[in-house]
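S.K.: If you scroll down you'll find the structure; I have some questions about it.
Read-outs throughout are calculated quantities, based only on the coordinates presented, and are distinct from any laboratory measurement. Just so it is clear, the model here is predicted, and its values are computed rather than measured.
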């Protein structure tokens, strides 16, 4: 049985012209807790 639940390499995310993630590598093993908080900034 594998102990890796999530494995990501080179993750990228952008909103229009704003890059928020660039080249993220991530491994989450079974039984671990992982959270990523993303919020939208208010603009005037």
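S.K.: Length gain on complete extension for the stretch residue 30 to residue 9, per 0.36 nm per residue less the alpha carbon to alpha carbon distance? Walk me through the numbers on the way to the answer.
M.R.: Numbers: separation 21, 0.36 × 21 = 7.56 nm, distance 1.77 nm.
Extending this stretch completely gives an extra 5.8 nm.
S.K.: Same structure, new question: In percent, what relative contact order does the chain have, based on Cα pairs under 8 Å that are 6 or more apart in sequence?
M.R.: Answer for the chain is 36 percent.
S.K.: Shifting gears a bit: For the chain, just say rounded, prolate or oblate: build the C-alpha gyration tensor, square-root its eigenvalues into a ≥ b ≥ c, call rounded for a/c under 1.5, and beyond that prolate if a/b exceeds b/c, oblate if not.
M.R.: Values: a/c = 5.43, a/b = 2.08, b/c = 2.61.
Because a/c hits 1.5 or more and a/b fails to exceed b/c, the chain counts as oblate.
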